[in-house]
Structures are given as structure tokens and as C-alpha cells.
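Just so you know, all these numbers are worked out from the coordinates, no wet-lab data involved. If you're wondering where the values come from, they're calculated on a predicted model, not measured in any experiment. As a convention, Cβ positions derive from the backbone with ideal geometry for all residues, glycine included, and neighbour counts pool all protein chains shown.
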Amino acid sequence: MPEYVHGGDVYSYAARFGAAPVDLSANINPYGVPESVKQAMHDAIENCTQYPDPFCRAARQAISEVEGVAPDRIYCGSGAADVLDRLAAVLRPKTALLLAPTFAEYERTLTGADLRFHTLRADENFAVTEGILQNITSDLDAVYLCNPNNPTGRTIAPALLREIAARCAEVGVRLIVDECFLDFVSGGETLVPYLDTFPSLVLLRAYTKMYAVPGVRFGWCMTADAALIESLYCAGQPWNVSVIAQACAVACAWERDYAAQTAQRIAAERVYLTEGLTACGVTVFPGEANFLLFHTSDTDLQDKLARHGILVRDCSNYRGLTCGYYRTAVKTRNESEMLFAALDEIRKGRG
């Protein structure tokens, strides 16, 4: 089997240790699935005798009303990864610019492309700076950005992000911006209002993280490029989003208060987690999402924490990072305290 490169591999952990871990390796809302979403998925079982709507009409309409984007500018897929695959199949970029480090799925989908990387620096706290503008040149076909970035948790300053979009439009480069974690950023600024200004802009979203439904698989993209939307429908099978996933999406779309409340709670827990990790002797990089990147000289920390029943994300396989970098999700106060206790035991040589 191929090597699994993401967080959330609780299955391998259970096979190894015989029990489920405290999973801090996947950045999922610790407060669980809203009751309205659970009920919607339960009710949808009755419709599983029918094929799913290949055009996800109810889901697109709900997203349209919440996001203020016309339904025909929305394409839905089986998670954001499915949309990324289709974008790569349709756009077929020969040359693309990516951040390093960033989400591995962008690079995976761009097989055969000439990839260039804008490397983020630890001494700049992995912030995206104006230096990226000089890397956006007319010989590129696409630029992929993650905002907030994974695994750093950093957002791109809104003014700089607009400047990047304008630069891409100026030189004729497609810009794909992944906003899948933006709901966790209190006051986070989306590029949705600029879809008309920049027709080659594509925004990627998912309900996976905020509504704690990674097992359901629902994501979407938004763009003013009607021809691209049409091509995405033709790039794979027509029934890629299940009946249950579509019902889940409709319910999630209307849980905006839940998202706003979660973002506030996560912001408070992120401060607590940052302070606790720092007290444990690791270097924590500032982040604005529901996860934190940290560094330690202990390159076996993931395995040591696993023996304490805790799973974190080893980030050494991210391009631009090395051994000793780890990512932990921001979860509940109790889970953070369990992490601190395990780190303390390890530091004392008992792990």
C-alpha cells in the first residue's frame, strides 16, 4: 500500500496499540457534529434508494444564499481533495507555483507539472510576505495558496492577498486559493467579494473541519469562470457526492452561528495551548487557525507521544520542513492538558 501522508490515521494507530488515540493530528472541530447536521444525514437515509443529484442543486442553493455567490458559480465534490483532482485534470497546468510548506494534495494532483516553490522562512514565522510577488511571472499557469496555510496556520494579510490576485490577473495566471480553514479564523477575510474582479480566481472550501464530518466528504469551489465550472462536471463521474453528503452540506450551510461560536472558543484555546506548549520547552510558531506548528529537538516525539495515547502530526515530510517540526490541532482544554502532561513525562525521561 502507498504511504499515508496526512494526519488522522487512527486506523494504523489502533492496529499498533489496540486502542483509539487522542487524535491531535487531524484538525477537526473538537465540539463535534451539530445536532441539525446529524438529523439531516439520518433523514437522508430514506433517499438512498435514489441516485444522488449529479448537480447538487439543494447544496449549491444553500451555499449560494449563505456565501452570496450565484449557484452556477459553485461546483461541489466529494471533499476538497476531489475538487482539487478535477481542477488539475481540467486546467492541466504545465508550470505552477506553490508555497513550501503547504498542503501536500496540491503537489500530488499536479503530476508532471514543473513545480516552483515560494519557501516560507522560520525566522519570519512562516508568514507569506511581499516577496512572493516577484515569483508570480507570466510563464506560470497557476498559483496555489492555502489561507490559512497548512501546516503553519498563518493567514495571508488581506491587502497582500488582493495584491497577489491582481498580480496573477495582470500576468494571466490562474489563482487557486484554499480557504478550507478560514471559518476557524475570527474575522477572517475571504476573497469571495473579488470573484467578479478576478474571473480566473478559484476559491476552495469544505465543511469537513468546522462541522467535524471528515468521514462524509463534501467540498466545493467557487469561481466566475463559467467554462471552468462546466468542465469540472465533465472531468469525472456524475454522482461524486452522495445523498447523505448533500444533505449534510445543506444543514451545515445554515449553521453559521455554530461556526462563529466555534471560532471564538478555538481562539481562546489556541492561546492556552500556545502558552502550555511554550512552557513545555518547545518553539511554537504563531498561528490563526485551529492548529499550531511547533519545533523541538526531539525528532522521535511523535512516537513517544503515541505511547502516551496521543497522536500528533509529524511534519518532517512537508516540503520546506525538517525533522523536529510537528503540528497539533487546537482542541478542548482537557485534551491540551493531556498533551502537556505527556510532554512533561517525556521531558522527565519517562516516555
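Short to long, the 5 Å bins of the Cα pair-distance histogram for segment 163-283 hold 2, 9, 15, 17, 16, 15, 12, 8, 4, 2, 0 percent of all pairs. Model label points for residue 307 and residue 192, set 7 angstrom from Cα along the Cα-to-Cβ axis, are 4.8 nm apart.
Extension gain, residue 317 to residue 299, is 5.2 nm, computed as 0.36 nm per intervening residue step minus the present C-alpha separation. Here is the list for segment 279-351: trypsin sites (Lys or Arg not before Pro) lying in DSSP coil, each with at most 10 other C-beta atoms within 10 angstrom of its C-beta, are 348, 350. For the chain, the antiparallel share of DSSP beta bridges with both residues in that region comes to about 45%. Could you pull out every one of the lysines with an alpha carbon less than 17 Å from that of residue 38, ignoring same-chain neighbours closer than 8 positions? By straight Cα distance, residue 38 reaches 209.
Within a straight-line Cα-Cα reach of under 19 Å, residue 348 can be paired with the following aspartates and glutamates, leaving aside sequence neighbours fewer than 8 residues apart in one chain: 298, 300, 303, 337.
Each stretch of four or more DSSP H residues adds -39500 (n - 2.57); spread over every residue of the chain, this sum gives -11000 deg cm²/dmol at 222 nm. Here r is the Cβ-Cβ distance between residue 166 and residue 57 and R0 is 45 Å; the resulting FRET efficiency, rounded to 0.05, is 0.85.
Taking the inverse of the mean reciprocal distance over all distinct Cα pairs, the Kirkwood hydrodynamic radius of segment 117-159 comes to 11.3 Å. One chain, two ends: residue 237 and residue 271. Fully extended at 0.36 nm per residue, the span grows by 7.8 nm beyond their Cα-Cα distance. Taking amide H as placed 1.01 Å from N in the peptide plane, residue 310 has its amide H under 5 Å from the amide H of 22, each at least 5 places away in sequence or on another chain.
What separates the Cα centres of segment 89-148 and segment 236-311 is a distance of 23 Å. Note on residue 304: aspartates and glutamates with a C-alpha under 12 Å away, same-chain residues under 8 apart excluded, are 314, 344, 345. Would you work out if segment 19-73 is rounded, prolate or oblate? Take a ≥ b ≥ c from the square roots of the eigenvalues of the alpha-carbon gyration tensor; rounded if a/c is under 1.5, else prolate when a/b is larger than b/c, oblate otherwise. Since a/c reaches 1.5 but b/c is at least a/b, the shape of segment 19-73 is classed as oblate. Using the Cβ-Cβ distance between residue 72 and residue 133 with R0 set to 41 Å, the FRET efficiency works out to roughly 0.80.
Answer rounded, prolate or oblate for segment 13-142, using the Cα gyration tensor with square roots of eigenvalues a ≥ b ≥ c: rounded when a/c is under 1.5, else prolate when a/b is larger than b/c, else oblate. Here segment 13-142 falls in the oblate category.
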